[in-house]
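The values are calculated or read from the model by the stated rules, or taken from the named source; none is laboratory data. Being a predicted model, the structure only gives us computed values, none of them experimental. Cβ sites come from the backbone with ideal geometry, for glycine too, and all protein chains shown count toward neighbours. Please note that ligands, DNA and RNA were not included when accessible areas were found on the heavy atoms of the full protein model with its side chains. Shrake-Rupley method; radii C 1.70, N 1.55, O 1.52, S 1.80 Å.
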Amino acid sequence: TIVALGSSSTAGAGASSPAFHYPSRLADELRRKFPRSQIKVVNRGVNGEEASDMVKRLDDGVLSERPDLILWQVGANAVLRDTAIPAVRSDILEGLRRMKASGADVVLIDPQFAPKVLAKKEADAMVDLLATTAKTQNVDLFRRFAVMRHWRQVARLPFEAFISPDELHMNDWSYGCVAKLLAGAIAEAATRTTLTAGVSPR
């Protein structure tokens with residue numbers, strides 16, 4: 001059981017239908033990789049939320065699912081609203097403490113590389129905060145910002161190829177790419193764990 005916690009990037013803003021947001025695409029990818037396993041991906045994204053809002057609904061909306069893995073997309077709305085970084089850090093640490101206490105593995109997902117995020121002065125600081133927090137708290141980090149920056153600066157894709165017309169949210173193509181990358185990382189970690197335990201991966 002995987003719970004995707006986050007704001008509009010998790011809820012699926014910018015996708016043409018619920019079937020194309022990243023949690024749905026992730027479920028499809030993982031079921032293809034592990035056809036004999038029962039895999040459930042629960043979408044707990046709510047448009048507009050910040051870390052403090054997500055922490056408030058953690059027990060009922062996330063931990064009640066008894067997740068094996070929590071994917072926590074966080075930070076973008078704080079950047080957009082100029083929320084003080086120390087306050088965000090405190091909320092993230094509290095959320096991580098409770099997630100880890102539940103026994104779930106956690107992956108943080110940093111903000112999207114999009115024009116409206118890049119226009120804010122604290123964008124880089126938020127990306128750095130999440131990288132540092134993941135390291136100090138011993139949780140994994142999906143570097144969405146770096147992946148999308150690669151699309152723009154190295155692959156030379158126009159923003160229109162992977163960002164919706166609102167210049168903020170992802171689109172079907174980029175949600176699908178993120179889901180594929182996440183699924184690959186999850187599958188690699190799961191396979192490595194079972195091999196270490198002396199059990200052949202399913």
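Side notes on the structure shown:
- Dipole magnitude (debye, nearest 20) for the range 1-134, charges at Cβ of Lys, Arg, Asp, Glu: 420 debye
- Area of Lys180 that stays accessible when all protein chains are in place (1.4 Å probe, Å², to 10): 120 Å²
- Arg192 accessible area, assembled protein chains, probe 1.4 Å, Å²: 130 Å²
- In the context of the full set of protein chains, residues of the chain present 50 Å² of accessible surface per residue (probe radius 1.4 Å, heavy atoms only).
- Considering only Cα atoms, the convex hull volume of the chain works out to 118 Å³ per residue.
- Nearby lysines by direct alpha-carbon distance to Lys40 (threshold 29 angstrom, same-chain neighbours under 8 apart not counted): Lys56, Lys100, Lys135, Lys180
- With all protein chains in place and ligands, DNA and RNA left out, the 1.4 Å accessible area ranks Thr1, Thr133 as Thr1, Thr133, largest first.
- Interchain or long-range residues, amide H under 5 Å from Phe142's placed H: Leu108, Ile109, Asp110
- Accessible surface of the range 68-202, 1.4 Å probe, proportion on carbon and sulfur as whole %: 52 percent
- Distances between placed amide hydrogens fall under 5 Å for Leu157 paired with Arg152, all partners being 5 or more residues away or on another chain.
- Among Glu167, Glu94, Glu49, Glu160, the order of accessible area from largest down is Glu160, Glu167, Glu94, Glu49, computed with a 1.4 Å probe on protein heavy atoms.
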